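What follows is a single structure, written as structure tokens, with notes after it.
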Amino acid sequence: MPIDPTLPYDPDNIFAKILRGEIPCNKVYEDDHALAFHDIAPQAPVHVLVVPKGDYVSWDDFSAQAPADLIAGFVRAVGTVARQLDLVEPGYRVLANVGAHGGQEVPHLHVHLFGGAPLGRMIAG
Ligand code: AMP
């Protein structure tokens with residue numbers, strides 16, 4: 001069920017619980033600004049989610065409201081994860097779904113990192 005990205009942040013969303021350590025994840029990387037873990041239902045040989053350590057519903061919320069150090073740290077973390085997973089030379093895809101048309105289901109900003117094989121068209125036709 002897609003979420004409404006204009007609603008207030010829900011601190012009980014599943015990624016908030018992962019960030020608080022209340023439910024487990026298959027962790028790939030963590031620093032002061034971000035946590036990365038394997039997607040529970042991978043859609044590519046490599047499918048990792050990177051989430052910022054802050055209460056932001058979506059890319060829209062984050063880009064408008066987050067402090068510059070968190071935005072910079074989060075963007076750098078996405079790049080670091082891709083490098084650590086050796087995705088740079090073969091290539092990879094970064095994706096953030098927002099709201100209903102984007103198909104966003106978890107109301108905590110997350111970036112999908114896909115790789116490990118040719119990924120085909122950018123949007124399913
Ligand atoms: P989105 O549609 O962009 O909101 O993507 C949400 C993603 O979160 C989906 O790819 C799910 O498979 C993934 N997901 C949901 N719950 C978990 C979980 N507990 N651990 C890891 N990935 C999850």
*Quick one: which residue in 124, 72, 117, 68 is small (Gly, Ala, Ser), under 22 Å from residue 41 (Cβ atoms) and modelled with pLDDT of 95 or more?*
117
_Considering only region 47-64, I want to know if a residue exists there that is within 16 Å of the ligand (Cβ to nearest atom), closer than 21 Å to residue 123 by Cα, of a type in the set (Asp, Glu) and touching a helix residue (DSSP H, G or I) at 6+ places or on another chain (Cβ under 9 Å)._
yes
*For region 18-125, which helices (runs of 4 or more DSSP H) that fit wholly inside it have 3 or more residues that are in contact with a strand residue (DSSP E or B) (Cβ under 8 Å, 6 or more places away or on another chain), surrounded by 19 or more Cβ atoms within 10 Å (Cβ to Cβ) and without any contact (Cβ under 8 Å) to a residue 60 or more places away in the chain?*
68-84
*Could we say that residue 73 is under 19 Å from residue 92 (Cβ atoms) and small (Gly, Ala, Ser) here?*
no
*asked:* Return the residues of region 1-17 that are of a type outside the set (A, V, I, L, M, F, W, C), within 8 Å of the ligand (Cβ to nearest atom) and buried (at least 17 other Cβ atoms within 10 Å of the Cβ); say none if nothing qualifies.
replied: none
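The values are calculated or read from the model by the stated rules, or taken from the named source; none is laboratory data. Please read these numbers as outputs of a predicted model, since none were measured by experiment. Cβ atoms come from the backbone with ideal geometry, glycine included; neighbour counts cover every protein chain shown.
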